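Accompanying notes for the structure given below.
The values are calculated or read from the model by the stated rules, or taken from the named source; none is laboratory data. The shown structure was predicted, so the numbers you read here are calculated from the model rather than taken from an experiment. Glycine also receives a Cβ, built like all others from the backbone with ideal geometry; neighbour counts cover every protein chain displayed. Keep in mind that these areas ignore ligands, DNA and RNA; they rest on the heavy atoms of the full protein, side chains included. Shrake-Rupley method; radii C 1.70, N 1.55, O 1.52, S 1.80 Å.
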Amino acid sequence: VDYLLSTIPDTKIVICAGNHDAIKKGSFYDGFKWSENVIFIDDKNITKVDIPELNTCVYGLSYHETEIQENLYDHIIVEDIDKINILVAHGGDEKHIPISKKKLAMSGFDYVALGHIHKPEMDEKNRMAYCGSLEPIDMNDMGERGYIYGEVTKNSLELEFVPFAKRIYKEIDFQVTTTATNMEIRHRLTDMIEENGKDNMFKIFSGYRDPDFEINEKEIESVGNIVQIVDETVPDFDFQELYEDNHDNILGMFIKRYLDKGNLSELDRKTLYYGAKALIDAMEDRQ
């Protein structure tokens with residue numbers, strides 16, 4: 001990494017350690033000599049670094065333990081308001097330096113570069129932003145990932161999120177119809193993955209299906225980078241016919257409660273479908 005940073009000698013780089021690379025005994029940071037254009041803030045207390053040629057001061061600290069519950073950024077006040085003042089701040093949850101955006105906004109910084117939260121988030125009103133991760137870290141990191149390009153002066157701040165990730169996690173709302181076959185699902189899903197970028201990674205499914213139809217998940221996983229199948233399909237029963245055939249048993253009594261309601265909410269419909277399926281399966285097991 002240091003070698004790559006050394007290839008842009010006219011660019012000043014400021015680095016601090018976060019909770020995942022905290023400076024502990026045996027840390028790779030111990031004794032490492034960075035290139036001349038790299039400034040590593042290794043102190044566990046807020047430290048100011050002057051960059052005179054850019055009329056800029058950068059503040060920050062490094063983690064020396066994996067958890068810090070103190071609000072270390074809440075009481076910083078910039079020392080020289082005539083310079084461009086930037087804070088490099090890692091944290092934002094209760095175990096990793098809780099951050100009050102309101103207090104930070106009042107501290108006099110021209111820009112606050114935030115890290116720790118994986119999802120990019122720009123707050124130009126308060127002159128701060130989370131860049132997020134360059135690549136998604138796990139399948140809960142949905143959506144675009146990249147970096148933030150910005151220009152800061154004493155009078156202005158312009159920020160732009162630049163998508164960068166080789167591949168991202170996306171959710172596909174794939175509707176299964178009551179007449180669907182596994183081959184049809186596979187072909188339709190292949191087309192949808194092509195449209196959404198075949199290099200990306202996907203979570204899928206919802207809809208209704210024939211009660212006797214079972215989705216072949218293994219077959220479907222082979223059509224692309226599918227990391228999770230969330231099967232929210234429910235059997236599309238003819239409940240009036242089911243009730244008439246079972247009016248004298250527990251299945252019929254369960255269905256009648258919902259038929260008597262009339263207009264069902266989405267939650268009612270799912271409860272009816274899943275409940276009926278469970279009762280039918282139990283009755284078949286007893287036979």
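Values for this structure:
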quantity	calculated
Only listed residue being open to solvent by 50 Å² or more (accessible area, probe 1.4 Å), of a type outside the set (Gly, Ala, Ser) and touching a residue at least 40 places away in the same chain (Cβ under 8 Å), chosen from GLU53, GLU67	GLU67
Filter result (open to solvent by 100 Å² or more (accessible area, probe 1.4 Å) and either under 30 Å from PHE237 (Cα atoms) or of a type in the set (S, T, N, Q) (or both)) within the range 160-174	GLU171, ASP173
Top-ranked residue of the range 71-105 - restricted to ones that are outside any loop (DSSP other than H, G, I, E, B) and of a type in the set (Gly, Ala, Ser), ranked as farthest from VAL152 (Cα to Cα)	ALA89
Residue that is surrounded by the fewest Cβ atoms within 10 Å (Cβ to Cβ), among those in the range 141-151 that are free of Cβ contacts under 8 Å to residues at least 24 places away in the same chain and within 28 Å of MET201 (Cβ to Cβ)	TYR149
Leading residue by the ranking (least open to solvent (accessible area, probe 1.4 Å)) among those in the range 229-267 that are under 24 Å from MET142 (Cα atoms) and modelled with pLDDT under 75	THR233
Qualifying positions in the range 247-279 - aliphatic (A, V, I, L, M) and assigned to a loop (DSSP other than H, G, I, E, B)	LEU264
Scan of the range 101-125 for residues that are more than 21 Å from the chain's Cα centre (by Cα) and either surrounded by fewer than 15 Cβ atoms within 10 Å (Cβ to Cβ) or farther than 20 Å from TYR149 by Cβ (or both), ordered by number	LYS102, LYS103, LEU104, ALA105, MET106, SER107, GLY108, LYS125
Positions within the range 1-56 being of a type outside the set (Val, Ile, Thr) and in contact with a Ser or Thr (Cβ under 7 Å, 6 or more places away or on another chain), in sequence order	ASP2, LEU5, SER6, CYS16, ALA17, ASN19, ALA22, SER35, ASN37, ASP42, ASP43, LYS44
Members of the range 106-124 found to be within 20 Å of LYS154 (Cα to Cα) and in contact with a Phe, Trp or Tyr (Cβ under 7 Å, 6 or more places away or on another chain), listed by number	LEU114, MET122
Scan of the range 175-189 for residues that are under 14 Å from VAL223 (Cβ atoms) and open to solvent by 50 Å² or more (accessible area, probe 1.4 Å), ordered by number	MET183, GLU184, ARG186, HIS187, ARG188
The range 35-70, residues that are in a helix (DSSP H, G or I) and in contact with a strand residue (DSSP E or B) (Cβ under 9 Å, 6 or more places away or on another chain)	LEU54
The listed residue being farther than 26 Å from PHE109 by Cα, touching a helix residue (DSSP H, G or I) at 6+ places or on another chain (Cβ under 9 Å) and at pLDDT 95 or above, out of SER6, SER35	SER35
Residue in the range 153-164 that is in contact (Cβ under 8 Å) with a residue 12 or more places away in the chain and under 22 Å from HIS20 (Cβ atoms) present	yes
Qualifying residue in the range 147-163 (condition: more than 29 Å from GLY108 (Cα to Cα) and out of contact with any Gly (no Cβ under 8 Å at 6 or more places or on another chain))	no
Count of the range 9-34 residues which are more than 31 Å from the chain's Cα centre (by Cα) and either surrounded by fewer than 15 Cβ atoms within 10 Å (Cβ to Cβ) or part of a strand (DSSP E or B) (or both)	8
